[in-house]
Amino acid sequence: MADKPVFFVSGTAANLNVASANGPQPGLTPIHVALALACKQTPVFAATRTRSLTDCYGAILREDVIAAVNVPSVDNSAMDGYALRLDDIAAMPDTGPLSIPVGGVSLAGHPFEGNIPVGRAIRIATGAAIPAGGDAVIIQENVTVNADESEIRIERDAVNRLRRGDNIRRAGEDVKAGTVVLAAGKRLRPQDVAVAAGQGKDSLVVTQPLRVAVFSTGDELAVPGGALPPGGIYDSNRFAMIGMMRAIGCEVTDLGLLRDDFDVLQTALGDAAQNHDVILTSGGVSVGKADLLKPVVDSIGEIHAWKLAIKPGKPLMRGKIGNCLVLGLPGNPVSVMVSGLLFAVPLLLHMMGARGEDCTAVRFNVPAGFALKRGTGRREWLRARLHRNGNGELVALPFRSSSSGVLSSMVWAEGLIELAEDRASVGQGDLVEYIPFAGLQAF
């Protein structure tokens, strides 16, 4: 498919073909189309900074790291034992155990100098350089050492098992000088930073963190720790959004709660857009009387997209005020988390220069431990966890309620079941796509 989008957030190519053939609900955009368009219209953030290695965890690498040295730098021992010349062993009697004098020691950082003397073994530690002439290492468990460690005894069966290269790590076996060990766009994990350190790097060029302003709207909301008015609820969405943004390395400004007032929102968004790269909000993006965010953004900026063919999270808005991206997430808490994880987070990772695979949720097929019938036209995510049934098979089970207002379901869940736009039913044992929370970049 020549027009295949770069970012797949909505399943297999087969599912995408079916969904595009049947079409989403009128007026709603499939999430893979919306995200591909958003990535196309949102440039990669240009600002970079050079950070010390210990400040690079989770950051997006912006320059290739090319190996300057071989790893290992020389042939070295993979085990504690004795370096041998196999030609010497071949010349010894082929019956009974072998007794071989020890001619020296090779330690990591303190190699044995010169060639292994003919007919001798060299005591060697893990990581130590293989002495010249050595072509195998026999592990210490397979030898018997005399009292003063001047001689080793090797049983015949251990001798017969020895092969050239046994227990030797070759120079460049791990990393060869001149190769790209870390490609630009990679989100740096501890092992990636360790590889850079192994090449002598003490710093890396990474994306400067996006500056993200976060706030919630809704006159019914109260600040945690304060008094709860009659009929009110404590604001939880803002804390979910802040957590998702910090998890991908953004610098977050918490603007708190804003009233459902056109002028208040217009001033707050206009001010925030002056010194932030992204504004992320929850609430106020639907069609109710108090849903003011969309008209506010339209009055001082522009709206690029609204309403996705997803459940939960349909009323998601994308716009721009000056050079600042504005993302308006729905007000229901589960909708905030699902649309945030599967739309906002991938889009912001794209802005930071992440590779496509680092912007995409991990997913795999698992049998359903439930049956379900549903309407088509929207891609749906069920809060779920894996359970081992009576046959010992792992199956996916959904939460008891599909309400997008039940935030405790996200605490119970360990992942999401994804149902494509055209899928009308699930039967017991049918395969469903499962997205573990551990496979989402903000977890």
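Within region 169-192, how many residues turn out to be surrounded by fewer than 18 Cβ atoms within 10 Å (Cβ to Cβ), farther than 25 Å from residue 76 by Cα and of a type in the set (Gly, Ala, Ser)? The number of residues fulfilling the criteria is 2. When each of 344, 361 is tested for being within 17 Å of the chain's Cα centre (by Cα) and at pLDDT 95 or above, the lone residue that passes is 344. Filter region 370-410 down to residues that are polar (S, T, N, Q) and open to solvent by 50 Å² or more (accessible area, probe 1.4 Å) and give me whichever is nearest to residue 308 (Cα to Cα). The extreme case among them is 376. Filtered by the rule that a residue be among the basic types (Lys, Arg) and either open to solvent by less than 10 Å² (accessible area, probe 1.4 Å) or modelled with pLDDT under 95 (or both), region 312-341 gives 314, 318. Residues that are open to solvent by less than 40 Å² (accessible area, probe 1.4 Å), touching a residue at least 40 places away in the same chain (Cβ under 8 Å) and touching a strand residue (DSSP E or B) at 6+ places or on another chain (Cβ under 6 Å): does region 103-120 have at least one? There is no residue in region 103-120 that is open to solvent by less than 40 Å² (accessible area, probe 1.4 Å), touching a residue at least 40 places away in the same chain (Cβ under 8 Å) and touching a strand residue (DSSP E or B) at 6+ places or on another chain (Cβ under 6 Å). Of all the criteria given as (1) assigned to a loop (DSSP other than H, G, I, E, B); (2) of a type outside the set (S, T, N, Q); (3) over 34 Å from the mean Cα position of the chain (by Cα), the one not satisfied by residue 158 is (1).
In region 193-227, the residue that is farthest from residue 279 (Cα to Cα) out of those that are touching a residue at least 24 places away in the same chain (Cβ under 8 Å), open to solvent by less than 40 Å² (accessible area, probe 1.4 Å) and in a loop (DSSP other than H, G, I, E, B) is 199. In this structure, residue 313 does not satisfy being touching a His at 6+ places or on another chain (Cβ under 7 Å) and either on the phi > 0 side of the Ramachandran plot or of a type in the set (Gly, Ala, Ser) (or both). The residue that is farthest from residue 388 (Cα to Cα), among those in region 356-375 that are assigned to a loop (DSSP other than H, G, I, E, B) and of a type outside the set (A, V, I, L, M), is 375.
Within region 35-76, the set of residues being in a strand (DSSP E or B) and over 12 Å from residue 350 (Cβ atoms) comprises 48, 49, 50, 51, 52, 61, 65, 66, 71, 76.
The values are calculated or read from the model by the stated rules, or taken from the named source; none is laboratory data. Just so it is clear, the model here is predicted, and its values are computed rather than measured. Reconstructed Cβ throughout: ideal geometry from the backbone, glycine too, with neighbour counts over all protein chains shown. Just so you know, the surface numbers come from the protein's heavy atoms only, side chains and all, with ligands and any DNA or RNA stripped out. Shrake-Rupley method; radii C 1.70, N 1.55, O 1.52, S 1.80 Å.
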